[in-house]
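Notes for the one structure printed next.
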Amino acid sequence: MVVQNDVRRSTSKAGPSDVACPACHQANLKIFYEACDVPTNSCILLDTEAEARGYPRGDMKLGFCAACGFIFNAAFDPKKTEYSGRYEETQAWSGTFNRFHRALAERLIEKYDLRGKDVLEIGCGKGEFLMLLAELGAIRGVGIDPGVRLERITGPAADRVKFIADFYSEKYGDHKVDFLACKMTLEHIPNPEQFVSTVRAGLGDQTGTTVFFQIPEALRILRDCAFEDVYYEHCAYFTPGSLARLFRRTGFDVLDLQVEYAGQYLTVEAKPRKAGAAPSPTLALENDLSEVANLVSTFSSRCEAKFSPWRTRLETAKRDGKTVALWGSGSKAVSFLTRLGEGDLVECVTDINPYRHNHFMPKTGHRIVPPQDLVELRPDLVIVMNEVYEPEIRQSLNDMGLTPQVASL
């Protein structure tokens, strides 16, 4: 999924300011949010409650670079994270997500005339998006990800797609491609400037290649105090402005920036800049540096004010003998439970992904149960970890004959 590298540090010894920004190398850092003893992986399949409760922990110290707007975990240690075949991140069991994914693939195929072309996807996960491009656009593809599971690659276009279970690095820069995709990966990279520069160097003189990156949108996280979207694996947080500035610095022309999927995803479309050419003009969406600076100054206190009512609600439910279930066992649930601290306020965690069933949540040790188990449990309150899926989840509950209160983070 990622290139594993370390945050660069300046020679200063003066506390947090000794950490140079991994995106622009300026030592102009402000630590604005801290969380200690958080699980260092959210999507690893853990086989026992004991393994889950004893899973490695780390600290988060989110720093804001006033020079370029990049936000990152200055305490991140890449040695504490794992990306392997037991990293189970796919969202492909959701009809809501699959409709979005298919529409995205169709849009890119049409916009960049990808039919019959060659595509490289860095951080391809379980390969769903690359397979969509292959099936809808008859593309030839290569996917690179240490967590790819070859036995799960099926479909009529499988013979046109090759998967490599590895981290992307300069050794894969010799692929000649018409389109390069990298979805939900850059946020895991501790040194994004080095990573994107590696991508640019690999493209060399292929200035006609379109590059497409998709990541979580950090401006929404800051505005909405989305504490559930702050967790250890995500060591890098980008707003439209900081993402565009990174791509321009590393030799790309930014063609388009978009925020989609209910404001949760940020995408950039770019092309390698020709040698000696002037940079492309900036886009209106990039002008966010002053807003980000204002938002980070109050983020920590606003997060606590937003989370406190959730704690009170769950404590009240427990006192009243009511049962609470979380729907969604991924990173948002790990972040929510970790911040809650008291695992006994939540009875169980459920997920529609069958590969996650009967595994355990890091730190709290909750077993992940199939949705059908809720029929016997009959929860009074179901907390949806991502509001995008609330209509889908309400329908599933209704189909099971369950009528709990439903609330979304």
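Do you know which residues across region 327-380 are touching a helix residue (DSSP H, G or I) at 6+ places or on another chain (Cβ under 6 Å) and of a type in the set (S, T, N, Q)?
If the condition is that a residue be touching a helix residue (DSSP H, G or I) at 6+ places or on another chain (Cβ under 6 Å) and of a type in the set (S, T, N, Q), then Ser329, Ser335, Thr350, Thr364 are the ones that fit.
Got a sec? Which of Ala27, Ala52, Ala35 is part of a loop (DSSP other than H, G, I, E, B) and either surrounded by fewer than 17 Cβ atoms within 10 Å (Cβ to Cβ) or among the hydrophobic types (A, V, I, L, M, F, W, C) (or both)?
On the way: Ala52 fails: part of a loop (DSSP other than H, G, I, E, B); Ala35 fails: part of a loop (DSSP other than H, G, I, E, B).
Unique residue meeting the criteria: Ala27.
Among the residues of region 264-287, which ones are closer than 19 Å to Glu187 by Cα and either part of a strand (DSSP E or B) or in contact with a Leu (Cβ under 9 Å, 6 or more places away or on another chain) (or both)?
Tyr265, Leu266, Thr267, Val268, Glu269, Ala270, Glu286, listed by residue number.
Within region 223-231, can one find any residue that is among the basic types (Lys, Arg) and more than 26 Å from Ser297 (Cβ to Cβ)? Break it down stepwise before answering.
Quick first cut of region 223-231, residues among the basic types (Lys, Arg) only: 223.
Narrowing the set further to residues that are more than 26 Å from Ser297 (Cβ to Cβ) leaves none.
No, because not a single residue in region 223-231 is among the basic types (Lys, Arg) and more than 26 Å from Ser297 (Cβ to Cβ).
Would you tally the residues in region 112-141 being in contact (Cβ under 8 Å) with a residue 60 or more places away in the chain, surrounded by fewer than 23 Cβ atoms within 10 Å (Cβ to Cβ) and out of contact with any Asp or Glu (no Cβ under 6 Å at 6 or more places or on another chain)? Don't jump to the end; show me each part of the working.
Of all residues in region 112-141, those in contact (Cβ under 8 Å) with a residue 60 or more places away in the chain come to 112, 114, 117-123, 125.
Restricting the remaining residues to those that are surrounded by fewer than 23 Cβ atoms within 10 Å (Cβ to Cβ) gives 112, 114, 117-118.
Still in the list and also out of contact with any Asp or Glu (no Cβ under 6 Å at 6 or more places or on another chain): 112, 114.
The qualifying residues number 2.
Kindly evaluate Tyr232 against the criterion of being in contact with a strand residue (DSSP E or B) (Cβ under 6 Å, 6 or more places away or on another chain), touching a residue at least 60 places away in the same chain (Cβ under 8 Å), buried (at least 17 other Cβ atoms within 10 Å of the Cβ) and among the aromatic types (Phe, Trp, Tyr).
Answer is yes for this residue.
Quick check on Leu29: is it farther than 18 Å from Phe336 by Cα and either modelled with pLDDT of 95 or more or not basic (Lys, Arg) (or both)?
Values: farther than 18 Å from Phe336 by Cα: yes; either modelled with pLDDT of 95 or more or not basic (Lys, Arg) (or both): yes.
So Leu29 passes the test.
Is it fair to say Gly69 is under 29 Å from Asn287 (Cα atoms) and either touching a helix residue (DSSP H, G or I) at 6+ places or on another chain (Cβ under 9 Å) or not in a helix (DSSP H, G or I) (or both)?
Numbers: under 29 Å from Asn287 (Cα atoms): yes; either touching a helix residue (DSSP H, G or I) at 6+ places or on another chain (Cβ under 9 Å) or not in a helix (DSSP H, G or I) (or both): yes.
So Gly69 fits the description; yes.
In region 369-396, which residues are touching a residue at least 24 places away in the same chain (Cβ under 8 Å) and among the aliphatic types (A, V, I, L, M)?
Taking region 369-396 first, the residues touching a residue at least 24 places away in the same chain (Cβ under 8 Å) are 371-375, 377-389, 391-393, 396.
Of everything in region 369-396, those that are touching a residue at least 24 places away in the same chain (Cβ under 8 Å) and among the aliphatic types (A, V, I, L, M) turn out to be Leu374, Val375, Leu377, Leu381, Val382, Ile383, Val384, Met385, Val388, Ile393.
Kindly check whether there is at least one residue in region 213-225 that is assigned to a strand (DSSP E or B), of a type in the set (Asp, Glu) and under 17 Å from Val292 (Cα atoms).
yes
On the given criteria, is Val177 β-branched (Val, Ile, Thr), in a helix (DSSP H, G or I) and within 23 Å of Ala275 (Cβ to Cβ)?
No: the conditions fail for Val177.
Considering each residue of region 374-396, count those that are touching a strand residue (DSSP E or B) at 6+ places or on another chain (Cβ under 7 Å) and surrounded by 14 or more Cβ atoms within 10 Å (Cβ to Cβ), and give that number.
12
Can you say whether Ala275 is on the phi > 0 side of the Ramachandran plot, surrounded by fewer than 17 Cβ atoms within 10 Å (Cβ to Cβ), out of contact with any strand residue (DSSP E or B) (no Cβ under 9 Å at 6 or more places or on another chain) and of a type in the set (A, V, I, L, M), as far as the supplied structure shows?
no
Please find, among Asp399, Asp380, the residue that is over 21 Å from the mean Cα position of the chain (by Cα), acidic (Asp, Glu) and closer than 20 Å to Ser94 by Cα.
Values: Asp380 fails: closer than 20 Å to Ser94 by Cα.
Step by step, each of Asp399, Asp380 is checked, and only Asp399 is over 21 Å from the mean Cα position of the chain (by Cα), acidic (Asp, Glu) and closer than 20 Å to Ser94 by Cα.
The values are calculated or read from the model by the stated rules, or taken from the named source; none is laboratory data. Keep in mind that this is a model prediction, so the values were computed, not measured. Here Cβ is always computed from backbone atoms with ideal geometry, including for glycine, and neighbour counts include all displayed protein chains.
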